[in-house]
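A short write-up of the structure that comes next.
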Amino acid sequence: MTESILVAPGAAETSRANLPEYTVSELSAAVKRSLEQGFSYVRVRGEVSGFKRHGSGHCYLSLKDADAVLDGVIWRMTAQRMSLKPEDGLEVVCTGRITTYPGRSKYQLVIESMELAGEGALLKMLEDRRKRLAAEGLFDASRKRPLPYLPEVIGVVTSPTGAVIRDILHRLADRFPRRVLLWPVAVQGEGAAEQVAAAIEGFNRLPEAGPVPRPDLLIVARGGGSLEDLMAFNEEIVVRAAAASKIPLISAVGHETDTTLIDYASDRRAPTPTAAAEMAVPVRLELLYQVGNAGGRMAGAMVRLLDERRLRISGLARGLPDPRSLLDAAAQRLDDRAERLGNGLLQFLRVKRDRLSALGDRVRPEALRQQLHQASERLAALPERMVHAMRRALEREQQRIHALEGRLESHRQAIRNVLARGYVLVWGPDGKVIVSADAIPSGARLGLQFHDGKAEVVAEGPRKRKPRPTGESPQGELL
């Protein structure tokens, strides 16, 4: 039951006259104390409006809903520590103290912390940030670099105490052990984004020939978590550091279904940290198998090449004539020409001498007879001189023929040496040299020339050569 208070007429005017008198400053201070004592700490939810950062570093904004507006201020030191960057239109929950600003007769909220109001607002902020960074070209495919096939040094940016680094080291040891440099960072909470960005930039600043080797590949990794836990990898400072990295970078943040903005800026995204290690290096045993397989194929190709060259040499040797038969025929022709030349000269001289004798008989003067006698003596000595000259010419030709015979014999000996190393000359039933397996008819009788004799064989048929695999580089020439 409410108690009624009766006031006599004129009492209200008397009580108002007895009210204490305040100065403006005193009243403002009283209101300030009343608000601060009544609302020491509050949590206020609203939409950010009119956000601006002053040159002093302080931030000013308004929180509004459908019916009211509340001014807010974030002091410079608080703004530097705050992970969430306020933007107009964000729905946030702010924690702070209510106070007044006497200079303008207004009250305001001194904000000490700020968080997004619900996952939907967080996702909207991330989508807006993604579109803005994509418009700058940070996510373009042309910026992405190929990963090195087998990096010597791998830099890992993650927490030093979590299971992530152990999983990465274990998988690298299983596949292909590599040197790993760990840059320890916090992967969530206040200051995590700055540490991750500094680690990426620090690895890129390492000199290539310095005491600490510069990594050939970077892995930025952390385990799974909620959207708030992964927020450090959605910060703009981390995304820009990943996009600016000159070292190829793999992002491995969260589980396969988790997506952060660093995934768009990295050169490759791995669904898990273990998968990042698998992307970083190949399997050593598979490489050994590939090398062995390539070596076997190379040896087989070399055997086929040597077989082809052996057949070609054998065919060339078969096509060469017998050097001795060439020399014998040339020597016989030379002897015949020499004999015919000598006989012809003697016959020519006899004819000339007979004609001179006939002329001498017809010419009676003694002086002419004497001249004719001298000419006859010179003509008589001429055949002997010509015979000596011809013999000397024949001797020179014989020496040249012997030299040619030696050279031909050396060629024959070279062919015999080739046959002595295991090569065989093959000719068909028609006596022609066979240089291709495709030219051998099935059932044909083939002749084989070895270095120490001949043999005959019957061919079963040409062996088809296996086609070279597509993309395989051709073998080089042996000769």
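Any read-out appearing in this document is the output of simple, stated calculations on the displayed coordinates, not a laboratory observation. On a predicted model such as this, the values are computed, not experimentally measured, just so you know. Here the Cβ is made from the backbone with ideal geometry for all residues, glycine too, and neighbour counts use every protein chain on show.
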Any chance you could list the semi-axes, whole Å, largest first, of the equivalent ellipsoid that the Cα gyration tensor gives for the range 141-282, using √(5λ)? 20, 17, 15
Would you please give the residues with an amide H less than 5 Å from that of residue 101, counting only those at least 5 places away or on a separate chain, with H modeled from the backbone geometry? 106, 107, 108
If you plug each phi of the range 281-291 into the Karplus form 6.51 cos²θ - 1.76 cosθ + 1.60 with θ = phi - 60°, what whole-Hz ³J(HN,Hα) values come out, in order, with x for Gly and Pro? 9, x, 8, 4, 5, 5, 5, 4, 5, 5, 5
Taking each pair of different alpha-carbon atoms in the range 27-117 once, compute 1/r for the pair, average those values, and report the inverse of that mean as the Kirkwood hydrodynamic radius in Å to one decimal. 13.4
Over the range 68-169, what per residue volume does the convex hull of the Cα atoms give, in whole Å³? 207
Rounded to whole Hz and in sequence order, give me ³J(HN,Hα) for the range 439-445 from the Karplus expression 6.51 cos²θ - 1.76 cosθ + 1.60, θ = phi - 60°, writing x for Gly and Pro. 8, 8, x, 5, x, 6, 8
What ranking of 100, 274, 158 emerges when the number of other C-beta atoms within 10 Å of each C-beta is taken as an exposure proxy, fewest first? 274, 100, 158
In the chain, what % of DSSP beta bridges are antiparallel (nearest 5)? 65
Work out the length of the dipole vector of the range 27-117 about its Cα centre, built from +1 on the beta-carbon of each Lys and Arg and -1 on the beta-carbon of each Asp and Glu, and round it to the nearest 20 debye. 440
Under 5 Å between amide H atoms, partner at least 5 residues away or on a different chain: which partners does residue 156 have, H built in plane at 1.01 Å? 181, 182, 183, 219
Taking every pair of alpha-carbon atoms in the range 320-416, give the share separated by more than 17 Å as a whole percent. 64
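Net charge near residue 261: determine it from the other residues with C-beta under 12 Å of the C-beta of residue 261, scoring Lys and Arg +1 and Asp and Glu -1.
Computed value for this residue: 0.
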Per residue, the convex hull enclosing the alpha carbons of the chain has a volume in Å³ of 398
When you have a sec, figure out the Kirkwood radius of the range 136-202 from all distinct Cα pair distances and drop it here in Å to one decimal? 13.9
Which net charge results when you count Lys and Arg as +1 and Asp and Glu as -1 among the other residues whose beta-carbon is under 10 Å from that of residue 213? -1
If each residue's Cβ is checked for other Cβ atoms within 10 Å, how do 438, 71 rank with the fewest at the top? 438, 71
